[in-house]
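Derivation of every value follows stated rules applied to the coordinates shown; laboratory data play no part. Keep in mind it's a predicted model, so treat the numbers as computed, not measured. For neighbour counting, all protein chains shown are included, and Cβ atoms are generated from backbone atoms with ideal geometry for every residue, glycine included.
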Amino acid sequence: MENIDFSYLSRAESWVLANLLIYFMMNGAQIFETLVLVPKWVADPPRSFHYLTDKNGASLKSFWTVFHSVHEVIFMVSIAYCWQLSPIRNWLLLLFSLHFAVRVWTLAYFAPNIIQFEKIGNGEVAPPPTLAEKVANWKKLNYFRVGIFIAVSIGLALLYLQLLGHHQS
């Protein structure tokens, strides 16, 4: 840490703060979706799937695609700006790995299922006999997924506080 100047710490701090703030916004949106929107579309499948359709529902594909893309770029930039701060960098890499693993899980499990539910809601495909079970499982796993994202944001908050401590010393 001897070669690290005030300017470097200020930039690192700014990018970690940006990362943290966008993560908090993303968590707020996820919590809202989980507590308000998900209960509506899981209430009576497939009849309640109209909440998912583009023409008269709350399709959030574009919102989440843009939000996650912007956030992940900011996350990687914050790692780059903290590269010389090995403890901060290592924790950021760990948190990013956890975040990335959940994003892969989202793309492999949650997204394909929600797309299938949307198609059912649009009348494009017939509901499978196991639809109620699939919807219940999606809802249950979503609570776990959102919990992991919240844990990552708590980790980011702790790292930011640690970075502030470096900056003040």
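The amide H of residue 4, built 1.01 Å from its N in the peptide plane, has no neighbour under 5 Å, considering only residues 5 or more places off or on other chains.
Considering Cα pairs under 8 angstrom that are at least six residues apart, work out the relative contact order of the chain and quote it in whole percent.
The value is 39 percent.
The phi torsions of region 74-86, fed into the Karplus equation with coefficients 6.51, -1.76 and 1.60 and a -60° offset, translate into couplings of 4, 4, 5, 5, 5, 5, 4, 6, 10, 4, 7, 9, 3 Hz, rounded to whole numbers, with Gly and Pro shown as x. 3J(HN,Hα) couplings calculated from phi for region 11-27 with the Karplus curve 6.51 cos²θ - 1.76 cosθ + 1.60 (θ = phi - 60°) are, in sequence order, 5, 4, 4, 4, 6, 5, 5, 4, 4, 5, 5, 5, 5, 4, 5, 5, 5 Hz; Gly and Pro show x.
Less than 15 Å from a label point 7 Å out along the Cα-to-Cβ axis of residue 17: which backbone N atoms in region 76-99 qualify, by residue? Output list for this probe position: 78.
Computed from Cα positions, the angle between helix 131-168 and the longest principal axis of the chain comes to roughly 10 degrees. Label-to-label distance, residue 148 versus residue 126, with points set 7 angstrom from Cα along the beta-carbon direction: 3.5 nm. Taking the number of Cβ atoms within 10 Å of each Cβ as an exposure proxy, the fewest-first ranking of 93, 85 is 93, 85.
Applying 1/(1 + (r/R0)^6) with R0 = 45 Å to the Cβ-Cβ distance of residue 141 and residue 3 gives a FRET efficiency near 0.50. According to the Kirkwood relation over distinct C-alpha pairs, the hydrodynamic radius of the chain is 17.6 Å.
Using a Förster distance of 45 Å, how high is the FRET efficiency between residue 86 and residue 134, based on the Cβ-Cβ distance and rounded to 0.05?
Numbers: r = 44 Å, r/R0 = 0.99.
Once rounded, the FRET efficiency stands at 0.50.
Set the Förster distance to 22 Å, then compute FRET efficiency between residue 44 and residue 65 from the Cβ-Cβ distance, nearest 0.05. Computed FRET efficiency for residue 44 and residue 65: 0.20. Here the 3J(HN,Hα) profile of region 108-113, calculated from phi with Karplus coefficients 6.51, -1.76 and 1.60 at θ = phi - 60°, is 7, 10, 5, 4, x, 5 Hz, Gly and Pro shown as x.
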